[in-house]
Amino acid sequence: MRAFFGTVGAVCAGLVIALGLSTSAHAAPASPGDIEAQIDSAWNKLEPLIEQHNNVKAQLAENQAKAAQLAERIRPLQLQVDLAMGRVSSISARAYIKGQASALNALLTSSEPTTLADQLSLLDAMAKSERSRIADVAKAKEEYDTQKKPLDELVKKLSAQEKQLAEQEKTINDQITQYNKMRLDAYGTTIAPGSQRPAPCPATYDGSIGSKAAQIACGKIGRPYVFGAEGPNVFDCSGITKWAWEQATGGRVSLYHYTVTQFQQTKRVTRDQLRAGDLVFYFGDMHHMGMYVGDGWVLHAPTSGDVVRMVRMDQMPISGLGRPG
């Protein structure tokens, strides 16, 4: 985790420099192919930052939820401890007052000189009984506090990291604006040229959960790419795979909104084992991904300004294949 926090800042700084160099080199391209090649090249420098942002936001939300759950468990225990300690304090106070203010009266009215001492001993025993009664509650609270402390520290670190990455959103949005302008100038639209559904999607449907996930994802062809989005009507690359599998399984399969973690969450498969709904991961750092829909096609959310669409599976360098569930 420390390595992650240490590297993201360097990645952010490096990307800002790299993106500044890449966009300054945009000359008037000769063809749509040139435009898309330039956008793809720049986007492959920008998308790792977007996916790191997704990762931090997902970790932050997950750990905030865990801390909130522990806080809910601690709250009634704290109340029991507070009430019991209040009773202990009350008993101790009565013992003190009775011992000091009524000592002479007790000696004058009692036939036994030990009565006052006995009364004080009784009050002290009552206080000890109260303390003993809350020992288990106090122990349980202490255990929850021990679990919550590192969570609180992690949430604090993630919040700071998320804030740092959020500040990079302006850089991201500035770059996206430039990409969109390039397409607008060339095509009159931000959507890349070419058919969004060049083949049946999915290629076949066999009733399996994977086919169902693919069918659900295919129903979103033409929906806009928005970085950090996971549905129901806008998506980024790891957002649409997460959303489709959660919809297909009623939430039973809950993928992380981060490409690398989705790879880690899935079972390894080979090319000849691929079936609809499997996930295809691209580039050495796995900063992009799509969903296999059959016959050598994948569905993916490509770049900002563009829309969810199908492409040939080998259009980008494949780094891994995975099956959720």
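Between Thr204 and Phe283, the C-beta separation translates, for a Förster distance of 25 Å, into a calculated FRET efficiency of about 0.30. Calculated on the Cα set of region 171-316, radius of gyration then Dmax: 14.8, 45 Å. Computed from label points 7 Å out along Cα-Cβ, the spacing between Gln178 and Lys149 is 4.8 nm. Between Ile221 and Ala160, the simple spin-label model (points 7 angstrom out along Cα→Cβ) gives 4.8 nm. Straightening the chain between Arg268 and Thr189 buys 24.6 nm, computed as 0.36 nm per residue apart minus the Cα-Cα spacing. When peptides 234-246, 179-191 are ranked by their average number of other Cβ atoms within 10 Å per residue, the highest-first order is 234-246, 179-191. Quick check: net charge around Ile221, other residues with Cβ under 11 Å of its Cβ, Lys/Arg +1 and Asp/Glu -1? Overall, the nearby charge balance is +4.
Computed from the Cβ-Cβ distance with R0 of 41 Å, the FRET efficiency linking Ser254 to Ser31 stands at 0.45.
With a simple spin-label model that places each label point 7 Å from the Cα along the Cα-to-Cβ direction, the separation between Gln64 and Glu167 comes to 2.0 nm.
The lysines whose alpha-carbon is closer than 28 Å to the alpha-carbon of Lys170, local same-chain residues fewer than 8 away aside, are Lys45, Lys57, Lys156, Lys157, Lys181, Lys220, Lys242.
A short reminder: the numbers here are calculations on the coordinates, not readings from a lab. None of these values were measured; they are calculated from a predicted model. Methodologically, a virtual Cβ is constructed for each residue, glycine included, from the backbone with ideal geometry; neighbour enumeration extends over all protein chains shown.
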